[in-house]
1. Kindly provide the set of residues from the stretch 119-166 that are farther than 11 Å from ARG58 by Cα, touching a residue at least 60 places away in the same chain (Cβ under 8 Å) and among the hydroxyl-bearing types (Ser, Thr, Tyr), ordered by number.
2. Within the stretch 86-139, how many residues turn out to be hydroxyl-bearing (Ser, Thr, Tyr) and part of a strand (DSSP E or B)?
3. So, in the stretch 117-166, exactly how many residues are farther than 24 Å from HIS48 by Cβ and buried (at least 18 other Cβ atoms within 10 Å of the Cβ)?
4. Can you tell me which of LEU89, LEU75 is touching a helix residue (DSSP H, G or I) at 6+ places or on another chain (Cβ under 7 Å) and more than 18 Å from SER153 (Cα to Cα)?
5. If you check HIS101, HIS48, which single one turns out to be within 22 Å of ARG27 (Cβ to Cβ) and surrounded by 12 or more Cβ atoms within 10 Å (Cβ to Cβ)?
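FYI, it's all coordinate maths here, none of it is from the lab. Remember, it's a predicted structure, so these values are computed and weren't measured experimentally. Note: ideal-geometry Cβ built from the backbone for every residue, glycine included; neighbour counts use all protein chains shown.
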Amino acid sequence: MRAPAPGAPAPAREEGGRRGIFLKAGRVRAIAICVLRHGDDIFVFEGHDVSKGETFYRPLGGTIEFGEHSSQTVLREMREEINAEIVNLRYLGALENIFTHDGKPGHEIALVYAGDFTDANLYDQAVVMGQEDDGGQFKALWKPLAEIASGRSPLYPTGLLELLLK
């Protein structure tokens with residue numbers, strides 16, 4: 001996250017990186033995510049919801065900063081989180097996601113993009129470790145869409161699987 005200009009109000013902060021993927025209650029969070037595909041697999045991070053006892057998956061991306069175009073958010077987040085460059089960025093659509101994570105409400109508007117890694121080696125890595133702004137780490141991996149479609153591996157935001165299968 002970039003520092004605010006001198007004298008500017010501090011931006012709202014995400015709580016807890018991937019472990020707390022929402023802003024304060026009562027706020028809608030605008031995010032941009034990037035769908036990367038390799039054959040029938042999709043590149044996602046693995047998240048956990050302790051209150052539901054659920055392991056879930058979501059494409060990488062993050063909060064759109066004020067004044068930043070959502071396509072630039074995707075490029076920035078991929079650089080910051082896994083040190084990767086993305087090309088052939090294509091807008092797929094928008095999804096509204098109202099959810100509960102770790103017992104707390106969340107509400108996101110997700111702008112969804114598709115893209116390709118510039119580094120072809122990333123397509124051969126089963127797991128890529130990512131870095132959060134707060135120093136925490138997360139695991140990103142290739143997940144078969146068939147496994148997601150079977151219901152065994154929840155994919156968020158809600159509606160993303162249907163958008164990808166259009």
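1. TYR123
2. 3
3. 1
4. LEU89
5. After ruling out the rest, the residue left standing is HIS101.
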